[in-house]
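First comes the structure, then the notes that go with it.
The values are calculated or read from the model by the stated rules, or taken from the named source; none is laboratory data. Nothing here was measured: the structure is a model prediction, and the numbers come from that model. Backbone-built Cβ (ideal geometry, glycine too); neighbour counts: all protein chains shown. Quick note on the areas: whole protein, heavy atoms, side chains included, nothing else; ligands and nucleic acids left out. Shrake-Rupley method; radii C 1.70, N 1.55, O 1.52, S 1.80 Å.
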Amino acid sequence: DSYAIALILRDNNPEVSGNTAEFDITVEVVNEPDNVPVFTADPYESTISPTVDAQEVLLTVTANDADSQDSIMYSILSSEVLEGDPRLPVFQIDSQSGSISSTNEETLVPETIFRLVVQALDNSMFTLSATAEVRIEVRPQSLEFTQLAYTADIPEDTSTGSTLTSLPIRTLSISTDITYSIVVTNPSNRNDVFRHQGAGHPEVEIILNVALDREEVDEYTIQVMAMRPADAMTSRPAETGTATLTIQVSDVNDNDPVFTDAEDTEFIINENPTFGEVVGTSNAMDADIGDNARLHFSISETALPFSIDST
C-alpha cells in the first residue's frame, strides 16, 4: 500500500501574498513480517488402509500466512504411536506442499493410531512458525479392489468362454483362501450370462458364459465381491471387499434390414406422370445402430423406367 501527500509551503510575510511552493511525497508501507502462519486445522485427522504404498499421500496439511510474500516450509517435528502396534513407520512431509506420506511400503496393524507434530515455518527474517497435531488411524482390515467401479466395452459377437476383464485386489496380504462371487444386478434376471474364476489369486476374471445380443441388452451391471474367512490362529476377522463392473455391449453389424411396408406394396400413378414425380415411398429399418444401421436403397430391375433415392 502507498499514500500520496502534497506539501504546500506559503510565505509568512503578511506584506507579500501568493508566494507558495508545492512538494509531492509518496509514502510506501513496507510489509513487516509479523504474522505467524496459521494451520487450517488442528488437529488434522485421517484414516488409512492397512496397506500403504511407498510415497502414497496419506493427507495434506495447509497453513496460511497473512504476510503474503512469505512462503511456507513444512516439516515433521515428532511422531509416535498412541495406540496399537508399537512399530512406527517412517513418515515424511513435502516441505512445499505439506503432503504427508510413508517413506516405505507398509502393512500396518488395524486400529493403530499415530500422532505427528508438524511445523509450518515462514521464510521471513524472523522465521515465525506454528505447529499442529496430525492423527492417523489405521482402519480395520478389508479386502480392497484397486477401484470401486470398473467399465468394459465388449463387442456383442465376443465368443463365449472369452475373458472379458480382470479385477485385481489391492490388499497385499493375499492368501489362498480368498474366494469371489458375482451378481448381475441389472438386468436382475441374467446371472447366467457371466461366470468368474480366480479363487486363491489376487484378481478375479470375468468370463462370458452366454452369447451377447446388444439389441436385447446393451448394458450389464455386475457386483463383484471378494471374501476371505476369519483366521482363528492369528485372530484375523473375516474380510470382504466389493466393486461394481459395468459391461457395455457395443454394436456389431449382425442384423439384416427389414422393410416395414407390406410385403406386396402397390403404387398407382397416372399414365403420363411428370418426370421426377414421386410415385411412392418404401420404408425400411435396421436393428443395428450408428453406421451399422445406415441403409442404401436400390432397384434390382434396372430396365424399369423408375429410379429410387438411395438414402
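Key figures
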{"item": "Segment 181-229 - residue that is over 28 Å from N253 (Cα atoms) and either in contact with a His (Cβ under 6 Å, 6 or more places away or on another chain) or among the β-branched types (V, I, T) (or both) and, of those, surrounded by the most Cβ atoms within 10 Å (Cβ to Cβ)", "result": "V204"}
{"item": "Test result for L121, more than 30 Å from D1 (Cβ to Cβ) and either exposed (fewer than 12 other Cβ atoms within 10 Å of the Cβ) or in contact with a Ser or Thr (Cβ under 9 Å, 6 or more places away or on another chain) (or both)", "result": "no"}
{"item": "Failed criterion for I169 (all others in (1) open to solvent by less than 50 Å² (accessible area, probe 1.4 Å); (2) in contact (Cβ under 8 Å) with a residue 60 or more places away in the chain; (3) within 18 Å of S250 (Cβ to Cβ) hold)", "result": "(3)"}
{"item": "Test: residue in segment 136-144 that is touching a residue at least 40 places away in the same chain (Cβ under 8 Å), more than 26 Å from V224 (Cα to Cα), in a strand (DSSP E or B) and open to solvent by less than 50 Å² (accessible area, probe 1.4 Å)", "result": "yes"}
{"item": "Complete set of residues in segment 134-152 that are within 16 Å of T246 (Cβ to Cβ) and either at pLDDT 95 or above or among the aliphatic types (A, V, I, L, M) (or both)", "result": "L148, A149, Y150, T151, A152"}
{"item": "Single unsatisfied condition, T131 versus (1) closer than 30 Å to I76 by Cα; (2) modelled with pLDDT of 85 or more; (3) hydroxyl-bearing (S, T, Y); (4) part of a loop (DSSP other than H, G, I, E, B)", "result": "(4)"}
{"item": "Test result for V249, outside any loop (DSSP other than H, G, I, E, B), open to solvent by less than 70 Å² (accessible area, probe 1.4 Å) and not acidic (D, E)", "result": "yes"}
{"item": "Number of the condition not met by L88 [criteria: (1) surrounded by 14 or more Cβ atoms within 10 Å (Cβ to Cβ); (2) assigned to a loop (DSSP other than H, G, I, E, B); (3) out of contact with any Gly (no Cβ under 7 Å at 6 or more places or on another chain); (4) hydrophobic (A, V, I, L, M, F, W, C)]", "result": "(1)"}
{"item": "Of residues in segment 181-217 being more than 14 Å from L245 (Cα to Cα) and among the acidic types (D, E), the one modelled with the highest pLDDT", "result": "D192"}
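Residues checked against (1) open to solvent by less than 60 Å² (accessible area, probe 1.4 Å); (2) modelled with pLDDT of 80 or more; (3) part of a strand (DSSP E or B); (4) among the charged types (D, E, K, R):
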| site | (1), (2), (3), (4) |
| --- | --- |
| T240 | no, yes, yes, no |
| N253 | no, no, no, no |
| E263 | no, no, no, yes |
| N270 | no, no, no, no |
| F275 | no, yes, no, no |
| N292 | yes, yes, no, no |
| F297 | yes, yes, no, no |
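Conditions (1) in contact (Cβ under 8 Å) with a residue 40 or more places away in the chain; (2) among the small types (G, A, S); (3) in a strand (DSSP E or B), marked per residue:
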| residue | (1), (2), (3) |
| --- | --- |
| T47 | yes, no, yes |
| Q55 | yes, no, no |
| L58 | yes, no, yes |
| D67 | yes, no, no |
| S75 | yes, yes, yes |
| V81 | no, no, yes |
| Q92 | no, no, yes |
| S97 | no, yes, no |
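Let's see how each residue does on (1) touching a Lys or Arg at 6+ places or on another chain (Cβ under 7 Å); (2) at pLDDT below 80; (3) open to solvent by 90 Å² or more (accessible area, probe 1.4 Å):
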position: A6; (1), (2), (3): no, yes, no
position: L9; (1), (2), (3): no, yes, yes
position: V16; (1), (2), (3): no, yes, no
position: F23; (1), (2), (3): no, yes, yes
position: T26; (1), (2), (3): no, no, yes
position: N31; (1), (2), (3): no, yes, no
position: A41; (1), (2), (3): no, no, no
position: T47; (1), (2), (3): yes, no, no
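Residues checked against (1) farther than 30 Å from P237 by Cβ; (2) touching a Phe, Trp or Tyr at 6+ places or on another chain (Cβ under 9 Å); (3) open to solvent by 70 Å² or more (accessible area, probe 1.4 Å):
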residue: V57; (1), (2), (3): no, no, yes
residue: D65; (1), (2), (3): yes, no, no
residue: M73; (1), (2), (3): yes, no, yes
residue: I76; (1), (2), (3): yes, yes, no
residue: Q92; (1), (2), (3): yes, no, no
residue: S101; (1), (2), (3): no, yes, no
residue: P110; (1), (2), (3): no, no, no
residue: R115; (1), (2), (3): no, no, no
